[in-house]
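Where a number appears in this text, it was derived from the coordinates with a stated rule and is not lab data. Just so you know, these numbers come straight off a predicted model, no measurement behind them. Note that we place each Cβ from the backbone using ideal geometry, even for glycine, and neighbour counts take in every protein chain shown.
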Amino acid sequence: MSAAGRPAVSVIIPCYNLGRYVEEAIDSVLAQTFRDVEIVVVNDGSTDPHTNQVLAGLRRPRTTVLETENRGLPAARNHAIAHAGGRYICALDADDRLHPEFLAKTVAVLERDPTVAFASTWIQCFGTEEWIWRQERCDFPTLLAECVVLTASPVRRQALEAVGGYDSERYLYGSEDWDLWISLVERGFRGTIVPEVLFYYRQREGSMRRLGSAPETRMRVWRTLLDKHRASYERHLPDVLLRLEEDCGRLLHDNARLELELETRLAPLVAQRTAERDRLRAAPAGGGGDALAAARAEVAALRGSWSWKVTAPLRRGYDGWLAVRRRLGARDAG
């Protein structure tokens with residue numbers, strides 16, 4: 001515990017109907033090598049009986065559970081911050097986990113350099129998708145183009161208070177942290193990225209990230225950010241467009257590589273299996289079932305290959321990026 005009797009870090013964990021995961025998140029905090037930490041869990045009006053049962057019976061060291069009516073993620077985070085004592089705030093989602101060295105290495109950066117207001121890391125995705133998300137920089141144009149900073153990045157309390165915490169008034173479905181990082185940099189604060197995989201980001205069906213990546217939702221988020229931070233986007237528009245063009249180029253390159261794989265592997269396979277199907281249809285009944293099953297398995301294996309999975313997020317975001325590009329280009333031309 002710090003000299004003033006308060007913890008150095010408060011890990012805040014809003015929880016809405018995620019009782020099956022929240023204990024993993026809490027235990028990952030308690031397993032930190034950095035020990036000067038408290039945990040503030042907010043039950044954000046959960047309707048799931050299991051979640052309410054888990055949180056009502058939760059007994060963990062240095063852990064407090066607060067109850068509120070359902071007001072949404074940013075309001076739940078602000079409520080937790082108001083009841084937290086740490087000089088650094090770490091907003092951990094209830095279905096994610098921290099590497100044991102996460103706080104030790106990020107807080108060390110903040111302690112060493114008072115000009116740094118928040119510290120992010122690389123991410124290991126797990127669950128329905130497994131891949132590593134590496135970001136090398138979080139300068140302002142890069143941050144305006146994409147949320148390259150981890151939600152759980154520890155941030156100085158005084159910086160959070162300077163921008164009024166998380167925006168709970170605007171529609172920012174799953175991107176409240178992105179808006180926060182932009183707001184902080186606008187006020188003269190800066191962040192950094194620790195180039196190590198120190199965070200585990202759960203991928204699951206029905207998650208806020210999945211729902212928020214729908215094109216129509218993504219466009220609503222972009223419009224909100226553009227309206228709220230108009231001056232910053234206008235000032236940095238050339239650099240933002242350049243960054244988005246770079247991302248688009250990488251997307252096209254990865255898709256071209258995927259298309260080449262499909263063309264060189266799948267097309268001949270389809271032709272071969274089509275011929276096999278025709279032969280089996282012409283053959284007497286009773287044979288060929290194993291061959292058809294093998295063909296289906298081979299195609300399924302290709303669809304489940306690393307290259308297909310690793311480009312899935314890029315393919316999902318491509319249509320949304322094209323729409324954003326048209327919007328930014330039209331405004332720049334005007």
> How many nm is it between the label spots at residue 71 and residue 47, if each spot is 7 Å from the Cα in line with the beta carbon?
Replying inline: 2.0 nm
>> Relative contact order for the range 1-84: what percent, with Cα pairs under 8 Å and sequence separation of 6 or more?
In response: 36 percent
> Projected onto the charge dipole of the range 9-226 (+1 at Lys/Arg Cβ, -1 at Asp/Glu Cβ, origin at the Cα centre), which of 192, 78, 224 gives the Cα projection farthest towards the positive end?
Replying inline: 192
> Taking other Cβ within 10 Å of each residue's Cβ, how do 168, 46 sort, fewest first?
Replying inline: 168, 46
> Using modelled backbone amide H atoms (1.01 Å from N, in-plane), which distant-in-sequence or interchain residues come within less than 5 Å of residue 193's amide H?
Replying inline: 120
>> Can you compute the modelled spin-label distance between residue 204 and residue 132, with each label point 7 Å from Cα toward Cβ, in nm?
In response: 2.5 nm
> Once you charge only the Cβ atoms, +1 for Lys and Arg and -1 for Asp and Glu, what is the size of the charge dipole of the range 9-226 about its Cα centre, to the nearest 20 debye?
Replying inline: 220 debye
> So, how do all the Cα-to-Cα distances of the range 9-226 break down into 5 Å bins, in percent, from 0 on up?
Replying inline: 1, 7, 15, 20, 22, 19, 11, 4, 1, 0
> Quick one: if the Förster radius is 30 Å, what FRET efficiency do residue 30 and residue 162 give, using the C-beta to C-beta distance and rounding to 0.05?
Replying inline: 0.50
